[in-house]
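Each remark here refers to the structure printed beneath this line.
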Amino acid sequence: MKKYVFIIGFALLLSLSLLVYYLERNPVKEIVIDFSNSTEEIKHNALGLTFGFNYETPKEYIDFVKYVRAPLWWFYDSGGNYGSSKNYQMANDIGMHVQIVLSDFSFGPGGFTKNFWPAINDCKNTDNWTAWENYIEKSVLSIKEVANKNNTTNVEIDLTNEPDLAWQSLMGECKKNNLNIGANDLKNNFLESWSKGFKKIKGIDSSIMVAGPSISRYDFNFLKDFIDYASDNNVMPDILTWHEFENSSAIPEHVSEIKNYLLTENISSEIQINEYISNNVSDINKPSIFIDYISAIEKSNVKFSARTCWIESSGKNGCDKDSLDNLIYANKKRSTWYVFKEYSEMSGKVVSSMENDFSFLSSSDKETIKIIFSPKRDLLKTHMLIKTELHHVLPQNLSGYVISSTDDLAKDAIDINIDNVPEGTMLTFDSLKKGYLYIIELR
């Protein structure tokens, strides 16, 4: 009998030890959303889109872009068909700013190896700028003609896309042919090609907004040198641009650093991140990652930003016209689609967080508190304290739903307990699933 008592006691002790160990590794998650000290109003400056739609996109998705009031469409046409009337009609109907990229390392007048770097033909320095200037002129006149026909005035031109990557590609091509060209040669060539292209655009129509340099990643030294050159030569872009694919939490710091430099140099230019979202194929469709980028862009206070598209591990191209920049997969709305939609509906004050294990974006106006969030790991009991200017007035109506992390999405109700506590309104969740998207509304 003593043997059995010992075994039972040992089993209970082991179970208790395992429980304590588990609870220590999975403590109650405490989240505070404090609107009482928030002064930031939501800006919706992360609602832009890029290549994943056009006038041939299914009407349902175009209507969705119009519904969310997407402010920016950043795209290029490798065929040089910048005068597509139907694209302008669509963008005009939506009310989007159209920002057209004129050159990329993969296309341009005469092809990549000849004229994208207009004074470097066959890896040799030359002084032939004619093809480049003719290309710019032809493209801008085509854009203006169709824009005028459609009474479109919100057209902007991005002169180059990711010139820093083009340098690497061109240097590789030259090296393969045993022809050497230095990085400084390419840099100087880019700056001169920028100057000639900018002056050609403004010479045709000085009211056209010009954006650039749209480098592939934030690089303060590159941007500083570019700003110095552009300012000294009177070719400063109306909109300073770069792309953010690597670390969303660094975006506010990046923007602040450049804004401070512009202020120090007494230079005026708006800032735009015309491509954003992680380039890690495993992160493209995670709602937590998307929420992090939106939160960072909201905090950075840039003019507009556009979610970009990537080819997925399945081989599906998120830049296809029916993919809406990876928000749609096989005609099904992804959880990121719901992030986009719910974000567009937010109004009033905004509070967000980009924690290691939890991401949320929330807004509060006089009538509604909306919270969208996604755990980065499985969580047990979670307390979410909401503080408002009304302090602890308990909302009369609570609604919410959860979206699974799979591609075959379905809405499910959320099991939430709501309590009035001295500090505000407390929501309690018994468990939250990693990778799921949760949407809460309190009225």
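The values are calculated or read from the model by the stated rules, or taken from the named source; none is laboratory data. All values derive from a computational prediction rather than experimental measurement. Note: ideal-geometry Cβ built from the backbone for every residue, glycine included; neighbour counts use all protein chains shown.
From (1) surrounded by fewer than 23 Cβ atoms within 10 Å (Cβ to Cβ); (2) more than 14 Å from PHE53 (Cα to Cα); (3) in contact with a strand residue (DSSP E or B) (Cβ under 7 Å, 6 or more places away or on another chain), pick out the condition that doesn't hold for GLU355.
Only one criterion is unmet by GLU355, namely (3).
Those residues that are hydroxyl-bearing (Ser, Thr, Tyr) and free of Cβ contacts under 8 Å to residues at least 12 places away in the same chain, I need them from region 279-314; list them, please.
Of everything in region 279-314, just one residue is hydroxyl-bearing (Ser, Thr, Tyr) and free of Cβ contacts under 8 Å to residues at least 12 places away in the same chain, namely SER314.
Here is a list: ASN148, ASN184. Which entry is in the same structural domain as ILE239 (by TED's automatic domain parsing), at pLDDT 80 or above, surrounded by fewer than 13 Cβ atoms within 10 Å (Cβ to Cβ) and in a helix (DSSP H, G or I)? Show your work before the answer.
Numbers: ASN184 fails: at pLDDT 80 or above.
Residue meeting the stated conditions: ASN148.
Taking SER278 as meeting all but one of (1) within 24 Å of GLU192 (Cα to Cα); (2) hydroxyl-bearing (Ser, Thr, Tyr); (3) crowded, with 18+ Cβ neighbours inside 10 Å, write down the number of the exception.
SER278 satisfies all of (1) within 24 Å of GLU192 (Cα to Cα); (2) hydroxyl-bearing (Ser, Thr, Tyr); (3) crowded, with 18+ Cβ neighbours inside 10 Å except (1).
Do you know which residues across region 330-357 are at pLDDT below 90 and not acidic (Asp, Glu)?
Within region 330-357, the first condition is being at pLDDT below 90, and the residues that meet it are 330-332, 353-357.
Within region 330-357, ALA330, ASN331, LYS332, SER353, MET354, ASN356 meet the criteria.
If PHE290 meets every condition in (1) within 11 Å of the chain's Cα centre (by Cα); (2) surrounded by 24 or more Cβ atoms within 10 Å (Cβ to Cβ); (3) in a loop (DSSP other than H, G, I, E, B) apart from one, which number is that one?
Tallying (1) within 11 Å of the chain's Cα centre (by Cα); (2) surrounded by 24 or more Cβ atoms within 10 Å (Cβ to Cβ); (3) in a loop (DSSP other than H, G, I, E, B), PHE290 fails exactly one: (3).
Of these, SER323, SER305, SER313, SER347, which one is surrounded by fewer than 20 Cβ atoms within 10 Å (Cβ to Cβ) and over 24 Å from LEU442 (Cα atoms)? Steps first, please.
Working: SER323 fails: surrounded by fewer than 20 Cβ atoms within 10 Å (Cβ to Cβ); SER305 fails: surrounded by fewer than 20 Cβ atoms within 10 Å (Cβ to Cβ); SER347 fails: over 24 Å from LEU442 (Cα atoms).
Just a single option satisfies the conditions, and that option is SER313.
Can you pull out every residue in region 412-443 that is assigned to a loop (DSSP other than H, G, I, E, B) and over 24 Å from PHE340 (Cα atoms)? Full working, then the answer.
Of all residues in region 412-443, those assigned to a loop (DSSP other than H, G, I, E, B) come to 414-415, 422-423, 430-431, 433-436, 443.
PRO422, GLU423, ASP430, SER431 - these are the residues of region 412-443 that are assigned to a loop (DSSP other than H, G, I, E, B) and over 24 Å from PHE340 (Cα atoms).
Would you mind listing the helices (runs of 4 or more DSSP H) fully within region 1-116 where at least 3 residues are at pLDDT 90 or above and within 27 Å of the chain's Cα centre (by Cα)? Walk me through it before giving the result.
On the way: elements: 2-25, 59-67, 85-94, 112-115.
The qualifying helices (runs of 4 or more DSSP H) are 59-67.
Among the residues of region 237-261, count how many are part of a helix (DSSP H, G or I) and either in contact with a Phe, Trp or Tyr (Cβ under 8 Å, 6 or more places away or on another chain) or surrounded by fewer than 20 Cβ atoms within 10 Å (Cβ to Cβ) (or both). Reasoning before the result, please.
Looking only at region 237-261, we keep the residues that are part of a helix (DSSP H, G or I), and these are 248-261.
Adding the requirement that they be either in contact with a Phe, Trp or Tyr (Cβ under 8 Å, 6 or more places away or on another chain) or surrounded by fewer than 20 Cβ atoms within 10 Å (Cβ to Cβ) (or both) leaves 248-254, 256-261.
Looking only at that region, the number is 13.
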